[in-house]
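Below: one structure, written as structure tokens.
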Amino acid sequence: MKITEVIIHHLKMRLKNPFSTSFGTFHEKEFLLLEVKEENGTTGWGESVAFDAPWYTEETLKTNWHMLEDFIIPLLLNKEINHPVDITDLLKGIRKNNMAKSAIEGAFWDIYSQQTNQSLAQALGGQKDKIEVGISIGIQKTIEKQIEVVGQAIKEGYKRIKVKIKPGKDIEVIRVLREHFPNVPLMADANSAYSLDDIELLKQLDAFNLTMIEQPLAYDDIVDHAKLQKEIKTPICLDESINSLEDAKKAIELGSCGVINIKIGRVGGITEAKKIHDYCQEKNIPVWCGGMLESGIGRAHNIALTSLSNFILPGDTAGSNHYWDHDIIEPEVVVKDGYILVPQKVGIGYEPNIEMINQFTIAKKIYR
Ligand code: OSB
Ligand code: MG
């Protein structure tokens, strides 16, 4: 198989509700969508999950565009690629820039599964035909609003509620939520808002029976997380700190976490994500699939990945209707009773909605 053309679409989609984290508030999602064509006419779709600013990781939409245009696309165009894993090798000289690499690798996994006449989930060795779904809820202006939004998500059937926390919006919020919802699987994500100086505060979280606390400490740390994990009984889940299988191995060896959040973009693609999944399975570390407020294209990849057997915990794969008035795939992602049915159709299993894609496109460039 040879990639003969890549189209980069730059989209901007308005979120239904602003999403607030410890590092900032999203009102809209601006991102790159990749349409990749192969010599026999098959088209695959991939999404770059990089945001428009470097507050979560260092990559941005523009750094991704630069890497794709100047390095990644030239390395892949018109090369013989037999299997998506070959891409890892072709790109191995480029350091980091995981989200940029992942966008095109994901599109090629789509092409590969279409050409081998299977669903992406099947191509990955996925075993589940439906996946459990959790939801990530941003920091709200008031505690009353936080209770209302969490209550609504529980009513909709989500299997696990994650709330974002930050200094000043932590213990009290969790205490009140736990009082109102004593039995719901609840967790907190700090997006690196704390340090070991906050250890007494973090220890207090142990009182609320959280399923885990996600990335409390620095985005590039695994040593302090290991120290913290020894002091608290709530499992630590690493997100930002895990960018490769090597990172996962080291974090597990150090005891820095009990759970890993796998995001395809953050780790450089589906191939690496699957390696981390397999390794964690061997080591009895449960994993779940994180979200990046993706459009339906990115979500389709996440859903296929989540069909692998060690995705034991519900992921951040809420339905299209949670984020958008209109998503860019057909059908949209539907969550029913807390589950998504893994599509059985070939490829990513959803059709890109070209009309919607064009409606949200603000720039576009063709490479061949
Ligand atoms: O840390 O998981 C995170 C959104 C933006 C940046 C980082 C994170 C998140 C989420 C949202 O938690 C998950 C989603 O619903 O896509
Ligand atoms: Mg996170």
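The values are calculated or read from the model by the stated rules, or taken from the named source; none is laboratory data. Because the structure is predicted, anything quoted here is derived from the model rather than measured. When we count neighbours, we look across all protein chains shown, and the Cβ atoms used for this are built from the backbone with ideal geometry, even at glycine.
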Condition check: assigned to a loop (DSSP other than H, G, I, E, B), in contact (Cβ under 8 Å) with a residue 24 or more places away in the chain, touching a Leu at 6+ places or on another chain (Cβ under 9 Å) and surrounded by fewer than 20 Cβ atoms within 10 Å (Cβ to Cβ). Does Lys96 satisfy that?
no
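Specify which of the listed residues (Glu246, Glu332) is free of Cβ contacts under 8 Å to residues at least 12 places away in the same chain and either closer than 19 Å to Gln215 by Cα or surrounded by fewer than 20 Cβ atoms within 10 Å (Cβ to Cβ) (or both). Steps first, please.
Working: Glu332 fails: free of Cβ contacts under 8 Å to residues at least 12 places away in the same chain.
Exactly one residue qualifies, and that residue is Glu246.
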The conditions are (1) within 17 Å of Ile264 (Cα to Cα); (2) more than 17 Å from the chain's Cα centre (by Cα), and Asn78 fails exactly one of them. Which is it?
(1)
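Look at Thr306 and say whether it is within 14 Å of ligand 2 (Cβ to nearest atom), surrounded by 24 or more Cβ atoms within 10 Å (Cβ to Cβ) and within 18 Å of Arg160 (Cβ to Cβ). Before you say what the answer is, go through the steps one by one.
Working: within 14 Å of ligand 2 (Cβ to nearest atom): no; surrounded by 24 or more Cβ atoms within 10 Å (Cβ to Cβ): yes; within 18 Å of Arg160 (Cβ to Cβ): yes.
Taking the combined requirement at face value, the residue does not satisfy it.
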Region 252-270: number of residues that are surrounded by 23 or more Cβ atoms within 10 Å (Cβ to Cβ) and either within 16 Å of ligand 1 (Cβ to nearest atom) or assigned to a helix (DSSP H, G or I) (or both):
10
For region 161-176, does any single residue satisfy the condition of being in the same structural domain as Thr211 (by TED's automatic domain parsing), more than 16 Å from ligand 1 (Cβ to nearest atom) and farther than 22 Å from Leu217 by Cβ?
yes
Failed criterion for Asp197 (all others in (1) out of contact with any Ser or Thr (no Cβ under 7 Å at 6 or more places or on another chain); (2) within 15 Å of ligand 1 (Cβ to nearest atom); (3) of a type outside the set (S, T, N, Q) hold):
(2)
Residue among Lys29, Lys37 that is over 20 Å from Glu240 (Cα atoms) and not small (Gly, Ala, Ser):
Lys37
Counting only residues that are away from ligand 2 (no atom under 11 Å from the Cβ) and assigned to a strand (DSSP E or B), which one in region 180-238 is farthest from Gln140 (Cα to Cα)?
Ile236
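Just checking, does region 275-283 include any residue being out of contact with any helix residue (DSSP H, G or I) (no Cβ under 8 Å at 6 or more places or on another chain), polar (S, T, N, Q) and part of a helix (DSSP H, G or I)? Reasoning before the result, please.
First pass over region 275-283, keeping only residues out of contact with any helix residue (DSSP H, G or I) (no Cβ under 8 Å at 6 or more places or on another chain): 278, 281-282.
Of the ones still in play, those that are also polar (S, T, N, Q) are 281.
Subsequent filtering for residues that are part of a helix (DSSP H, G or I) retains 281.
Scanning region 275-283 turns up at least one residue that is out of contact with any helix residue (DSSP H, G or I) (no Cβ under 8 Å at 6 or more places or on another chain), polar (S, T, N, Q) and part of a helix (DSSP H, G or I).
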List, please: which pairs have Cβ atoms under 8 Å, are six or more places apart or on different chains, and start with a residue in region 279-305 that is more than 21 Å from Ile137 (Cα to Cα) and in the same structural domain as Thr43 (by TED's automatic domain parsing) and end with one that is within 16 Å of ligand 2 (Cβ to nearest atom) and in a loop (DSSP other than H, G, I, E, B)?
none
Pairing a residue in region 19-46 that is over 19 Å from Ala304 (Cβ atoms) and assigned to a loop (DSSP other than H, G, I, E, B) with any residue that is polar (S, T, N, Q) and more than 16 Å from ligand 2 (Cβ to nearest atom), where Cβ atoms lie under 9 Å and the two sit 6 or more apart in sequence or on different chains, gives Glu39/Thr4; Glu39/Asn78; Asn40/Gln115
